[in-house]
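Written below as structure tokens is the structure these notes are about.
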Amino acid sequence: MEVLLHRVDLLQCGALQPGTLDVLPVGKKKQQKVAVGDDTGVLQVFYIKKGEVQYEWKSAPLGREISSVVIQLAKDKIFVGCGQSIHGFTRKGKEFVKIKTNLTETINHLFVEENMIWTGGEYIMNIYDSCKDYGFVMTKDRINDLTCAPVHNGELLSTIVACQDKCLRVYQGEKLSHEFAVEGSATALGFQGMNPVDNPSHHVGDPVQMIYGTEQGVIGLCSLDAKSMRRTGGVSDRQSRRMSCRELRDCSPW
């Protein structure tokens, strides 16, 4: 079946890096809003009304290019990785926290849940608890993507890291619990359905259904729990093109 796609330009901004756009939860007015950060260091939130782009707010330049934008789980707060700093903004655009880390690598990946923050640089994954260092891991090869899920018992989420050396790695804090070989350099991570943290029917101990993408264009499915990690299916791209992102969103119509 042939699908016809049409390009629609919504917004003009500076150059963008992967992982610098996210969708906010639907607010009281049932309006879907989008947060995007660019290489000028400006974070902006916009929405579409009657086919026209409306700006909700823009931040002042943050001093460095924005390399990661995420929404805090179960909240509507926006967190931004900018060089070696982390900035937090409310839905209304007020900056409520700024963390100057002691990292030497650029923060390319972020995950935020309650008071815990996970960051991924080129080779180092760091964990912060209430803005203080909690732990770190130096991975065996370059980090291409990072996410978190409730895999092991305990309050701390497990970190799942996609690496350049054709492996997915799962850490509980600083301890490696799984190392799973995939078909190529892993470049994108996601979940089959909702993130288990947001899913009220998911309980710790239930298998986590992961989706990953590779540099060779393979989309793989795997099941993950505290004891094991196994492949359950997948799709190959005959043209072998790099999978650069994988995301599922429930978006309200504009």
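Please determine whether any residue of the stretch 129-136 is crowded, with 18+ Cβ neighbours inside 10 Å and either part of a strand (DSSP E or B) or not assigned by TED's automatic domain parsing to the domain that holds VAL170 (or both). For the stretch 129-136, residues crowded, with 18+ Cβ neighbours inside 10 Å and either part of a strand (DSSP E or B) or not assigned by TED's automatic domain parsing to the domain that holds VAL170 (or both): absent. Read through the list (1) farther than 18 Å from THR232 by Cβ; (2) surrounded by 17 or more Cβ atoms within 10 Å (Cβ to Cβ), then give the number of the only condition that CYS167 fails. Among (1) farther than 18 Å from THR232 by Cβ; (2) surrounded by 17 or more Cβ atoms within 10 Å (Cβ to Cβ), the lone unmet condition for CYS167 is (1). When the residues of the stretch 41-67 are filtered to those that are of a type in the set (S, T, N, Q), within 23 Å of the chain's Cα centre (by Cα) and in a strand (DSSP E or B), the one that is surrounded by the most Cβ atoms within 10 Å (Cβ to Cβ) is SER67. Within the stretch 19-29, can one find any residue that is among the β-branched types (Val, Ile, Thr), exposed (fewer than 15 other Cβ atoms within 10 Å of the Cβ), modelled with pLDDT under 95 and touching a Phe, Trp or Tyr at 6+ places or on another chain (Cβ under 6 Å)? No, the stretch 19-29 contains no residue that is among the β-branched types (Val, Ile, Thr), exposed (fewer than 15 other Cβ atoms within 10 Å of the Cβ), modelled with pLDDT under 95 and touching a Phe, Trp or Tyr at 6+ places or on another chain (Cβ under 6 Å). Scanning the stretch 150-174 for residues that are over 17 Å from GLY213 (Cβ atoms), in contact (Cβ under 8 Å) with a residue 12 or more places away in the chain and in a loop (DSSP other than H, G, I, E, B) yields PRO150, VAL151, HIS152, ASN153, GLY154, LEU156, LEU157, GLY173, GLU174. Kindly establish whether VAL80 is in a strand (DSSP E or B) and either touching a Lys or Arg at 6+ places or on another chain (Cβ under 6 Å) or surrounded by 12 or more Cβ atoms within 10 Å (Cβ to Cβ) (or both). Judged against the criteria, VAL80 is a match.
Among the residues making up the stretch 86-114, those that are under 17 Å from the mean Cα position of the chain (by Cα) and closer than 20 Å to ASP133 by Cβ are ILE86, HIS87, GLY88, THR106, ILE107, ASN108, HIS109, LEU110, PHE111, VAL112, GLU113, GLU114. Quick check on the stretch 141-158. Is at least one of its residues closer than 18 Å to HIS109 by Cα, at pLDDT 95 or above and in contact with a Lys or Arg (Cβ under 6 Å, 6 or more places away or on another chain)? Scanning the stretch 141-158, I find no residue that is closer than 18 Å to HIS109 by Cα, at pLDDT 95 or above and in contact with a Lys or Arg (Cβ under 6 Å, 6 or more places away or on another chain), so the answer is no. Residues that are among the aliphatic types (A, V, I, L, M) and not in a loop (DSSP other than H, G, I, E, B) within the stretch 9-40 comprise LEU21, VAL23, VAL34, ALA35, VAL36, listed in sequence order.
Of all residues in the stretch 186-201, those that are crowded, with 19+ Cβ neighbours inside 10 Å and either polar (S, T, N, Q) or more than 23 Å from GLU122 (Cβ to Cβ) (or both) total 4.
Checked against the criterion of being assigned by TED's automatic domain parsing to the domain that holds ILE99, hydroxyl-bearing (Ser, Thr, Tyr) and touching a Phe, Trp or Tyr at 6+ places or on another chain (Cβ under 7 Å), the stretch 43-58 has at least one qualifying residue. Looking for whichever is in contact with a strand residue (DSSP E or B) (Cβ under 7 Å, 6 or more places away or on another chain) and of a type in the set (D, E, K, R) here; the options are GLU95, GLU52. Which one fits? Step by step, each of GLU95, GLU52 is checked, and only GLU95 is in contact with a strand residue (DSSP E or B) (Cβ under 7 Å, 6 or more places away or on another chain) and of a type in the set (D, E, K, R). Selection over the stretch 143-157 of residues that are among the charged types (D, E, K, R) and within 17 Å of the chain's Cα centre (by Cα) gives a count of 1. Cβ-Cβ contacts under 9 Å between residues 6 or more apart (or on different chains), taken from a first residue in the stretch 201-213 that is free of Cβ contacts under 8 Å to residues at least 40 places away in the same chain and in a strand (DSSP E or B) to a second residue that is among the polar types (S, T, N, Q) and surrounded by fewer than 22 Cβ atoms within 10 Å (Cβ to Cβ), are listed as GLN209/GLN192; GLN209/SER223; GLN209/THR232; ILE211/GLN192; GLY213/SER244.
Suppose the filter is under 20 Å from GLY37 (Cα atoms), touching a strand residue (DSSP E or B) at 6+ places or on another chain (Cβ under 9 Å) and not in a loop (DSSP other than H, G, I, E, B); does VAL112 pass it? When the stated conditions are applied, VAL112 passes them.
Can you find a residue in the stretch 30-38 that is over 30 Å from TYR212 (Cβ atoms) and more than 14 Å from the chain's Cα centre (by Cα)? Yes, the stretch 30-38 contains a residue that is over 30 Å from TYR212 (Cβ atoms) and more than 14 Å from the chain's Cα centre (by Cα).
The values are calculated or read from the model by the stated rules, or taken from the named source; none is laboratory data. Since the structure is predicted, the reported quantities are computational estimates derived from the model, not experimental observations. Cβ coordinates were reconstructed from backbone atoms using ideal geometry, including for glycine residues, and neighbour counts include every protein chain displayed.
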